[in-house]
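A.B. asks: Before I ask anything, let me first share the structure, which is written out below as structure tokens.
The values are calculated or read from the model by the stated rules, or taken from the named source; none is laboratory data. What you are looking at is a predicted structure, and each value in this text was computed from that prediction instead of being measured. Positions of Cβ are backbone-derived with ideal geometry, glycine not excepted, and every protein chain shown enters the neighbour counts.
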Amino acid sequence: MIQREFHAFLAAVLFFTRLPGIVLDDEYAKDAFSQASRYFPLIGWMVGTMGAGAFWAASLILPFPLAILLSICATILVTGALHEDGFADVCDGFGAGWNKEQILAIMKDSYIGVYGVIGLILMLGFKLLCLVSLRPLLLPIVMISGHALSRFASISLMFSYEYARNNDESSKAKAVVRKLSVNELLFAAICGLFPFFLLALLTREWRLFGIGIAVVWLTRALCGQYFFHKIGGYTGDCLGAVQQITEVVFYAMVVATMQW
């Protein structure tokens, strides 16, 4: 049991990050990757912590905005821009495609279009401006909370909707796509919410906790329904897009709530 869960966690690290030195034996790989999705919020802990560490180290010698920019760069390097790529593909696919077949074909194309470029510029710029608006002491726990909660919001789509590329064996996300069980969803929820709970506990801003969950979940629900209406479910790119969108929405919500 413990060995199986450890292999599933290693598979999650292998699939969702570009951290070196992670090895998974071939005999465990197929089953481990199919079980990896529930650990996605824990990957958010890792990515958020590395981003916070990069911010802290850079802030020792650089101005606050530059330190935040470097922390964003660090999180992109750790994940190999996996989710940013998914967000750009969704911008291109849903921006230029007229029906399901066109949308899926455009998202699979490795080239980025004008919708993707504009979307990435706006999304990364909005993320930077939100984080610059926060108090430096709060920034590390806010980043960890945002990365963990957004990954739970993203992976929860696998519980609510069907995969839209079931007949495409070349799909890169096929290895980790599987409908989550209730227990897996609960585990992912605990991992995704815990850093945010600590943030509310440290700041004694329980209003922030309630509003944050409501806003992030509403954003997730709107994205899920939009994808379902357009392509009948989700793809790996859709999961990456929801992660990026809910992360930015979370930061904006924190900024807005702290100013009340």
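A.B. asks: May I ask you to say which residue of GLY97, GLY93, GLY51 is among the small types (Gly, Ala, Ser) and farther than 23 Å from ARG165 by Cα?
C.D. replies: GLY51
To keep it simple, each residue is scored yes or no on (1) loosely packed, with under 14 Cβ neighbours inside 10 Å; (2) at pLDDT below 95.
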| position | (1), (2) |
| --- | --- |
| PHE6 | yes, yes |
| LEU10 | no, yes |
| LEU19 | no, yes |
| ASP25 | yes, yes |
| ALA29 | no, yes |
| LEU42 | no, no |
| MET50 | no, no |
| ALA54 | no, no |
| ALA58 | no, no |
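A.B. asks: Also: Filter region 83-102 down to the residues that are at pLDDT 95 or above and of a type in the set (A, V, I, L, M) and list them by number.
C.D. replies: Within region 83-102, ALA88, VAL90 meet the criteria.
A.B. asks: With respect to PHE227, is the statement that it is crowded, with 19+ Cβ neighbours inside 10 Å and over 20 Å from GLY44 (Cβ atoms) true?
C.D. replies: yes
A.B. asks: In region 105-139, which residues are within 22 Å of ILE231 (Cα to Cα) and buried (at least 20 other Cβ atoms within 10 Å of the Cβ)?
C.D. replies: Once the filter is applied, which keeps residues that are within 22 Å of ILE231 (Cα to Cα) and buried (at least 20 other Cβ atoms within 10 Å of the Cβ), region 105-139 yields ILE106, MET107, GLY116, GLY119.
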